[in-house]
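The values are calculated or read from the model by the stated rules, or taken from the named source; none is laboratory data. The shown structure was predicted, so the numbers you read here are calculated from the model rather than taken from an experiment. When we count neighbours, we look across all protein chains shown, and the Cβ atoms used for this are built from the backbone with ideal geometry, even at glycine.
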Amino acid sequence: MRALKVSIGRRSSGPSAVLLPPGWPARLSPLELALVDTPTPFLALDVPGISAAYRRLDAAFHGEVEVCYAVKCNPDPVVLRALARDGANFEIASAAELEQVMAAGGDPRQVLYSNTVKPASHVAATYAAGVRLFAADSQAEVAKVARLAPGAGVFIRVSVDDTHSRFPLSSKFGAPVEDALRLLLAARDHGLTPAGLTFHVGSQCVETMAWAKAITALAPLLVELDRLGIELEVLDIGGGFPARYDSVVPPIEEVGRQTVAALARLPHRPRRVVCEPGRALVAESGVMAATIIGREQRRGTEWVHLDVGAYNGLMESAQTKATWGFPMLTSRLGTVGRDIRCTVTGPTCDASDTISFDALLPADLTEGDRLYLGAAGAYTSCYASSFNGFPPPTPVYVE
């Protein structure tokens, strides 16, 4: 797959300017992307925008919380190198992700291996490479880490309220808070360091108090750990910070204010507090460029078929039954006419490969025109396959 790095001249003012949705990078407007000489589908990434998002999130926590980027969100090597240069550390879910982090210049000694159920070979490989902090939420995983990573640190994932998130995670991960002490003591009995606690309020969480409430819920456990002489190294407050799609989300500054205040109220605070942002750093800096391959009317509904869909880059559309709110723009700039409601779907023969049932698009949109989907920098290319022979999008880096 060909990757392109381009510098494109900005044309963001004047009579041909495009009114961009809030959060849409000016460097990735339809006028600018028309200058990219590569076939669709392609995923354009505003690399300076990613760095700016990192600086904003880092500043929102006033230096109190270390940023460990969640590699799974977008493991593109250019993204990882940019964040490593900016000073981010990393959170991984597999040994392969550690290899990507190290290739980008990340320090394995600062990496968090936060997947709570890991292949034994991955534990051994990452430990050999220098990783020393492993998550667990069960006795079996504690024993596995002790067997394959002797002397390492274990941080226990606890289940917290994730009802304000679009993608809750507690059904699969996290021990009850009341079990965390038992698991930390088991880690110590196995010769491991009872290193910390972690939680996750779910992906795309829109409740600004969610992280603060989870931190507060851990206060009694921290008191008991202090009574037992266990000093934790790390408190990992997870990710889930929201990105803007087609609706307003709370500003990261408000999340940071509430979270830092909750940390200040803790009776005993671990030495290192970290977070695991993913989509909040990269989503809004990506735009997916697609070509319309067909326009049909079915049962009174207008259908627009694209050369990219759920199976080659837009999986969150399928996960949310075509309700994921990618903002959309088209190459029909300045056309006169009305907008109509359309179903936007992908190129494969699977009916679930549908992006939206209610997109407002120009009535004269036709085959060969382009559709641009904003906020596409997170959980897109990393999900992409070549199902039905339709290729993943080509990455294009805009400087």
Inset, instruction - Out of Arg157, Arg109, report the one residue that is within 21 Å of Pro270 (Cβ to Cβ) and surrounded by fewer than 16 Cβ atoms within 10 Å (Cβ to Cβ). - result: Arg109
Inset, instruction - Working only within region 95-105, note down all residues that are surrounded by fewer than 24 Cβ atoms within 10 Å (Cβ to Cβ) and not acidic (Asp, Glu). - result: Ala95, Ala96, Leu98, Gln100, Met102, Ala103, Ala104, Gly105
Inset, instruction - Could you tell me whether region 214-235 includes any residue that is assigned by TED's automatic domain parsing to the domain that holds Gly278, out of contact with any strand residue (DSSP E or B) (no Cβ under 8 Å at 6 or more places or on another chain), within 23 Å of Val111 (Cβ to Cβ) and of a type outside the set (Asp, Glu)? - result: yes
Legend entry - Meets criteria (assigned to a helix (DSSP H, G or I), in contact with a helix residue (DSSP H, G or I) (Cβ under 7 Å, 6 or more places away or on another chain) and either closer than 21 Å to Phe155 by Cα or touching a residue at least 12 places away in the same chain (Cβ under 8 Å) (or both)) for Glu254: no
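Matching residues to (1) surrounded by 18 or more Cβ atoms within 10 Å (Cβ to Cβ); (2) within 22 Å of the chain's Cα centre (by Cα); (3) of a type outside the set (Ser, Thr, Tyr):
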| position | (1), (2), (3) |
| --- | --- |
| Ala128 | no, no, yes |
| Arg132 | yes, no, yes |
| Ala136 | yes, yes, yes |
| Pro150 | no, no, yes |
| Gly153 | yes, no, yes |
| Asp162 | yes, yes, yes |
Inset, instruction - Out of Ala283, Ala243, Ala261, report the one residue that is assigned to a helix (DSSP H, G or I), over 15 Å from Ile156 (Cβ atoms) and within 18 Å of the chain's Cα centre (by Cα). - result: Ala283
Legend entry - Pair list, Cβ under 7 Å, 6 or more apart: region 118-142 residue free of Cβ contacts under 8 Å to residues at least 40 places away in the same chain, other residue surrounded by fewer than 16 Cβ atoms within 10 Å (Cβ to Cβ): Gly130/Arg109; Arg132/Arg109; Glu141/Val117
Inset, instruction - Output the number of residues of region 292-319 satisfying the condition of being in a loop (DSSP other than H, G, I, E, B) and closer than 21 Å to Pro393 by Cα. - result: 5
Legend entry - The lone exception for Arg166 - which of (1) within 23 Å of Lys321 (Cβ to Cβ); (2) in contact (Cβ under 8 Å) with a residue 12 or more places away in the chain; (3) exposed (fewer than 15 other Cβ atoms within 10 Å of the Cβ) it fails: (3)
Inset, instruction - Answer yes or no: is there a residue in region 102-114 that is closer than 24 Å to Met315 by Cα, assigned by TED's automatic domain parsing to the domain that holds Leu185 and not charged (D, E, K, R). - result: yes
Inset, instruction - Keeping to region 304-323, report how many residues are surrounded by 22 or more Cβ atoms within 10 Å (Cβ to Cβ) and either under 17 Å from Ile293 (Cβ atoms) or of a type outside the set (Asp, Glu) (or both). - result: 10
Inset, instruction - Counting only residues that are modelled with pLDDT of 95 or more, surrounded by fewer than 21 Cβ atoms within 10 Å (Cβ to Cβ) and not assigned by TED's automatic domain parsing to the domain that holds Gly325, give me the strands (runs of 3 or more DSSP E) lying completely in region 1-74 with at least 1 of them. - result: 66-70
Inset, instruction - Output the residues belonging to region 104-151 that are assigned to a loop (DSSP other than H, G, I, E, B) and out of contact with any helix residue (DSSP H, G or I) (no Cβ under 7 Å at 6 or more places or on another chain). - result: Asp107, Ser114, Asn115, Lys118, Pro119, Asp137, Ser138, Pro150, Gly151
Inset, instruction - Sort through Arg157, Arg227, Arg182 and tell me the only one that's among the basic types (Lys, Arg) and either under 17 Å from Val117 (Cα atoms) or touching a residue at least 60 places away in the same chain (Cβ under 8 Å) (or both). - result: Arg157
Legend entry - Candidate set from region 84-94 (those that are out of contact with any helix residue (DSSP H, G or I) (no Cβ under 6 Å at 6 or more places or on another chain) and in a helix (DSSP H, G or I)); member that is surrounded by the fewest Cβ atoms within 10 Å (Cβ to Cβ): Arg85
